[in-house]
Amino acid sequence: MSINLSDIAQRAGVSPATVSRALNGKEGVRPATRDRILAIAQELQLAALQNAHTMPRTETICYVVHQRHAPLEVDPFYPVIMHGVEAELSKHGYHLLLTTISDEQMKSAAQFKPVAENRVDGVILAGPDIRAEFIAELKEMDIPVVLVDNFPSTVVVDTINSDDVQGGRLATEHLRSHGHRSIVALLGPAVWHSSALRGDGYRAVMEAAGLPTHLFHAEDTTFETGKQLMREALQAVPDLTAVFAANDAMALGAIRTLMQQQKRVPEDVAVIGFDDTNLGAMSTPSLSTVKIYTAELGRLAALRLLDALTGREMPAIRTLVSTTLIPRYSCGCVSQEE
């Protein structure tokens, strides 16, 4: 029989967060309530999980991405971050548990199985589509949490991100250096932190040059949405000569649409992506892009979570990792033969 925090909470008439605090010896629980919770836990055969009123370490960290990013091999961005996490954790004797999560599962952190069944010591949540309410509930349950590629404004939490504004500026400035004046930006949802900031970098360069901005948003950042937005952009801005895309998948989708409409890349339209995935380097034409140091994001997330597991009181930090422009053929810098 699988017993979790919700089972104890239901019997004790308290919230799962209160159960978590009681079992972990945290403050904020009345002595009588704590005693009742511990007694119920023992009755439910969880006595072994309360030695000295402290949950034993599992030496396992959960790496979570939204189900929209599965299968992971379709876009290697989050798997590379995961490998960075795993490589660093292994140096410290920790293991990694990979799982995906749906919108339905994010409605209750207490029902999230790796946490509810006490199978992990902490959680790394990767991606801008992890709900702030879910993050806040994990924090309330005293679960160590680090975010990667996300920065919710309503939750105080450790975050590890690329410098997306800088990256958006680098890409747009580079297109401007080629003489382009009619540049469009293909972005994901405006509520996604990383996509919005990349758009901000694009907008800053265009406005500083006194040029109009053309931002197009889709519900996701995939090859298919790149194709879709490119079609919309060509209709709305028929004289466009350059494209900045929020990630490589969208950029490759945009190139597919341009080719279908008999437009040459980069001769007719230059394209720059974002992420520097292997897909972009191997494509034809090879994709100019903004490099994110994805493995480093993972390494830093792992180190921050390990620090949190020491139990020391630490303020939440925001870590930004710089980006680098990688020019290839799609922007007109490198010959196709190379």
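The values are calculated or read from the model by the stated rules, or taken from the named source; none is laboratory data. Remember, it's a predicted structure, so these values are computed and weren't measured experimentally. All Cβ positions, glycine included, derive from the backbone under ideal geometry; neighbour counts span all protein chains shown.
Here are a few things to note about the model shown:
- Any chance His217 is over 20 Å from Ile81 (Cβ atoms) and either in contact (Cβ under 8 Å) with a residue 24 or more places away in the chain or touching a Ser or Thr at 6+ places or on another chain (Cβ under 8 Å) (or both): yes
- Residue within segment 309-316 that is surrounded by fewer than 22 Cβ atoms within 10 Å (Cβ to Cβ) and in contact (Cβ under 8 Å) with a residue 60 or more places away in the chain present: yes
- The conditions of being under 22 Å from Phe151 (Cα atoms), surrounded by fewer than 22 Cβ atoms within 10 Å (Cβ to Cβ), of a type in the set (S, T, N, Q) and touching a residue at least 24 places away in the same chain (Cβ under 8 Å) are met by Thr324.
- Selection within segment 157-173: residues that are in contact with a Gly (Cβ under 7 Å, 6 or more places away or on another chain) and free of Cβ contacts under 8 Å to residues at least 60 places away in the same chain. The member of this set that is farthest from Thr289 (Cα to Cα) is Val165.
- Test: residue in segment 235-244 that is within 21 Å of the chain's Cα centre (by Cα) and closer than 22 Å to Pro152 by Cα: no
- Residue among Asn118, Asn150 that alone is crowded, with 21+ Cβ neighbours inside 10 Å, in a loop (DSSP other than H, G, I, E, B) and in contact (Cβ under 8 Å) with a residue 40 or more places away in the chain: Asn150
- The selection criterion, being surrounded by fewer than 21 Cβ atoms within 10 Å (Cβ to Cβ), touching a residue at least 24 places away in the same chain (Cβ under 8 Å) and in a helix (DSSP H, G or I), holds for Arg176.
- Tallying residues that are over 18 Å from Ala301 (Cα atoms) and among the aliphatic types (A, V, I, L, M) within segment 108-131 yields 4.
- Taken together, the residues in segment 121-139 that are aliphatic (A, V, I, L, M), in contact with a helix residue (DSSP H, G or I) (Cβ under 6 Å, 6 or more places away or on another chain) and without any contact (Cβ under 8 Å) to a residue 40 or more places away in the chain amount to 1.
- Extreme residue, farthest from Ser108 (Cα to Cα), among residues of segment 1-40 that are part of a helix (DSSP H, G or I) and of a type in the set (Gly, Ala, Ser): Ala32
- Test for Gly199: is it in contact (Cβ under 8 Å) with a residue 60 or more places away in the chain, over 14 Å from the mean Cα position of the chain (by Cα) and within 13 Å of Ala246 (Cα to Cα): no
- Checked against (1) β-branched (Val, Ile, Thr); (2) assigned to a loop (DSSP other than H, G, I, E, B); (3) modelled with pLDDT of 90 or more, Ile61 passes all but condition (2).
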